[in-house]
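Take a look at the structure set out below.
Values in this text are rule-based calculations from the coordinates and carry no lab data. The model shown is predicted, which means the values in this text are computed figures rather than measured ones. Glycine gets a Cβ as well: all are built from the backbone with ideal geometry, and neighbour counts include every protein chain shown.
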Amino acid sequence: MAILLDRHPVEALRDFDALARVTSEDAAFHEAFGETKEELAAAAETMPIGEQSQWWMPLLECDGEPITADPETGLLVLRGNLSCGEPDVKGPEYGRMWTSRRFRLDAPTSFWYSYDFDFPEDATLEIVGCHGGCPERFAYIGTRDQIGGLGDGGLGDLEPGEYFLRLSRPVSDDDGAFELVIDPS
């Protein structure tokens, strides 16, 4: 499924679902995706092998309108609270909860000066591209200590495009306020 979605937009999957209700599955597949199942399988055999999580297609995180930079300041601000009871916090799963923010960069960022961040010490931050495959999709993953401490700017360079920030941490009612400010200028 991930390889199919890596090759075709999610709208094609929706078209396939609708077509498969009124025609044969093989015909619906060919009409929606423009290739047969066998052609997809042959193409999949030639694709690079990556860790399973890198093939995961972030359908929900990449749906809807992305957050963009404030036109007056040029800053892109992603904030929230990663605590139980917050309406946009998901989980628990395997003792962890998470939240995400989709965003769009119109200019590249730089490792040295583009980031200012604050998030709980027990949280893991991920920045994931909405497009691309294994291993390019995962732009960054790490804890606050791995990034280098508050405001140190230890996240990597990002090219213009659409991404999402996901923060996860052990289930907790403690304050989980977070803020990541990106200055691509």
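Details
- Label-point separation in nm, Asp88 to Ile67, each point 7 Å along Cα→Cβ: 0.6 nm
- Between Glu38 and Glu159, the C-beta separation translates, for a Förster distance of 45 Å, into a calculated FRET efficiency of about 0.85.
- Rounded to the nearest 0.05, the FRET efficiency derived from the C-beta distance between Gln146 and Ser172 at R0 = 22 Å is 0.65.
- Share of alpha-carbon pairs per 10 Å distance bin for the stretch 72-120, given as whole %: 19, 42, 27, 12, 0
- Cβ-derived FRET efficiency at R0 22 Å, Thr46 paired with Ala107, nearest 0.05: 0.05
- Note on Asp116 and Asp15: the model spin-label points, each 7 Å out from Cα along the C-beta direction, lie 4.6 nm apart.
- Label sites at Ala27 and Asp6, each approximated as a point 7 angstrom past Cα along Cα to Cβ, lie 3.2 nm apart.
- Per-residue Cβ neighbour counts within 10 Å put Cys62, Cys84 in the sequence Cys84, Cys62, beginning with the fewest.
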